[in-house]
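The values are calculated or read from the model by the stated rules, or taken from the named source; none is laboratory data. Computed from a predicted structure; not experimentally measured. For neighbour counting, all protein chains shown are included, and Cβ atoms are generated from backbone atoms with ideal geometry for every residue, glycine included.
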Amino acid sequence: MDHEQLRAALDASTKALVEGTAKHPKLAHLDRVYLPSREAVKQIVKRLRQLCFPGYFGERGLTTEQLLDRTHLLVSETADLLYEQVRYCLRYHEHIAKGETGAQCVDCDDRAREIIATFFTRVSDVRDLLASDVGASFEGDPAAQNPDETIFSYPGLFAVTVQRLAHEFYKLEVPLLPRMMTESAHASTGIDIHPGAQLGPSLFIDHGTGVVIGETSVIGSDVKIYQGVTLGALAPAYGQLLRGTKRHPTIEDEVTIYAGATILGGETVVGKGSTIGGNVFLTSSVPPYNIVTTEPPRLKFRDRRRRTRGQDTVLDFQI
């Protein structure tokens with residue numbers, strides 16, 4: 001194939017792709033309002049993390065004397081970024097979700113400013129919760145040398161930090177943005193916490209990879225969750241029919257859920273002080289102060305040796 005033939009083939013493919021867009025209009029965002037920027041949302045998360053944990057991230061060598069000016073600058077920068085993205089989210093909701101693609105959102109800008117002002121009044125309360133999470137992470141992990149280590153490097157704490165911040169936007173009914181925030185943490189940690197989940201204080205997600213916490217989950221205080229745990233819906237096949245219902249479990253205070261456990265259903269309640277063992281599949285409630293485990297595996301013993309050419313050979317599996 002020469003260059004002219006390649007160019008002709010590419011032109012034909014381009015035409016087919018453009019014409020095919022009409023077959024799948026939901027896969028294209030054309031002639032509509034701007035969507036929020038994923039990169040901008042990542043920058044917002046980065047700056048909010050610096051506000052929550054000053055001196056750990058961002059500018060190095062921050063001192064007490066510099067804190068006021070640095071905080072003022074960070075709040076201003078973050079508010080500017082948020083204003084644009086919240087506007088886009090509100091306009092998207094008005095023009096796309098309601099099918100009013102040609103209309104103008106007359107109050108989106110004012111609403112965006114009100115949302116941002118309200119959000120920043122709540123950041124101090126979020127930091128109080130994060131302080132309890134840091135304590136739980138350090139006290140719950142004997143491998144942690146100090147609280148600094150948990151703040152600076154633990155993926156579970158990062159995922160919880162982003163979720164707690166995103167949850168405030170969720171409560172303020174901002175579309176898209178909260179989910180984009182938690183998905184940015186999901187992408188980097190493997191921990192998927194929906195912004196709608198209600199997380200109590202002193203939550204410790206240890207190791208964390210593969211943890212899934214659904215939108216209507218409710219988690220009490222002093223809960224410890226290990227990797228691979230799912231707090232999910234019991235009947236996801238019904239999809240959108242379940243929207244707005246309580247479909248994820250409630251975990252009461254002082255519960256420990258070990259690796260690989262799956263707990264499903266909006267009516268499922270794990271009582272205070274209970275322990276859920278590894279790989280448990282649970283769809284019914286557990287009374288307080290109980291331990292739930294799977295049946296222990298049965299061990300089968302056999303002699304792995306066989307006699308070959310007068311010598312003992314150890315059998316093993318090969319793939």
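A few comments on the model shown:
- Filtered by the rule that a residue be under 26 Å from Thr78 (Cβ atoms) and in a loop (DSSP other than H, G, I, E, B), the stretch 209-224 gives a lone residue, Glu215.
- From the list Leu241, Leu231, the lone residue that is assigned to a strand (DSSP E or B) and not basic (Lys, Arg) is Leu231.
- Unmet criterion (only one of (1) within 20 Å of Met181 (Cα to Cα); (2) surrounded by 11 or more Cβ atoms within 10 Å (Cβ to Cβ); (3) out of contact with any Asp or Glu (no Cβ under 7 Å at 6 or more places or on another chain)) for Arg87: (3)
- Checking each residue in the stretch 163-181 for being assigned to a helix (DSSP H, G or I) and either more than 17 Å from Val123 (Cβ to Cβ) or at pLDDT below 95 (or both) picks out Arg179, Met180.
- Per the conditions (1) buried (at least 18 other Cβ atoms within 10 Å of the Cβ); (2) within 30 Å of Glu94 (Cα to Cα); (3) within 11 Å of the chain's Cα centre (by Cα), the sole criterion not satisfied by Leu199 is (3).
Here is a yes/no grid of residues against (1) without any contact (Cβ under 8 Å) to a residue 40 or more places away in the chain; (2) within 15 Å of the chain's Cα centre (by Cα):
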| position | (1), (2) |
| --- | --- |
| Glu183 | yes, yes |
| Asp192 | yes, yes |
| Pro195 | yes, yes |
| Ile205 | no, yes |
| Val223 | yes, no |
| Leu234 | no, no |
| Glu254 | yes, no |
| Ala259 | no, no |
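- Meets criteria (touching a residue at least 24 places away in the same chain (Cβ under 8 Å), more than 28 Å from Val123 (Cβ to Cβ) and either among the β-branched types (Val, Ile, Thr) or in contact with a helix residue (DSSP H, G or I) (Cβ under 6 Å, 6 or more places away or on another chain) (or both)) for Thr230: yes
- Residue in the stretch 31-43 that is surrounded by 10 or more Cβ atoms within 10 Å (Cβ to Cβ), of a type in the set (Phe, Trp, Tyr) and part of a loop (DSSP other than H, G, I, E, B) present: yes
- His93, sole failed condition from (1) more than 30 Å from Thr256 (Cβ to Cβ); (2) exposed (fewer than 11 other Cβ atoms within 10 Å of the Cβ): (2)
- Any chance Val126 is modelled with pLDDT of 95 or more, among the hydrophobic types (A, V, I, L, M, F, W, C), buried (at least 21 other Cβ atoms within 10 Å of the Cβ) and under 25 Å from Gln43 (Cβ atoms): no
- Residue ID - modelled with the highest pLDDT, chosen from residues in the stretch 273-319 that are farther than 18 Å from Ile257 by Cβ and not in a loop (DSSP other than H, G, I, E, B): Gln311
- First in the stretch 69-97 and over 20 Å from Leu165 (Cα atoms), second anywhere and part of a helix (DSSP H, G or I) and at pLDDT below 95, Cβ under 6 Å, 6 or more apart: Arg91/Cys108
- Filter result (without any contact (Cβ under 8 Å) to a residue 12 or more places away in the chain and under 25 Å from the mean Cα position of the chain (by Cα)) within the stretch 30-39: Glu39
- Any hit, the stretch 55-78, residues being surrounded by 16 or more Cβ atoms within 10 Å (Cβ to Cβ), farther than 19 Å from Asp148 by Cβ, under 22 Å from the mean Cα position of the chain (by Cα) and modelled with pLDDT of 95 or more: yes
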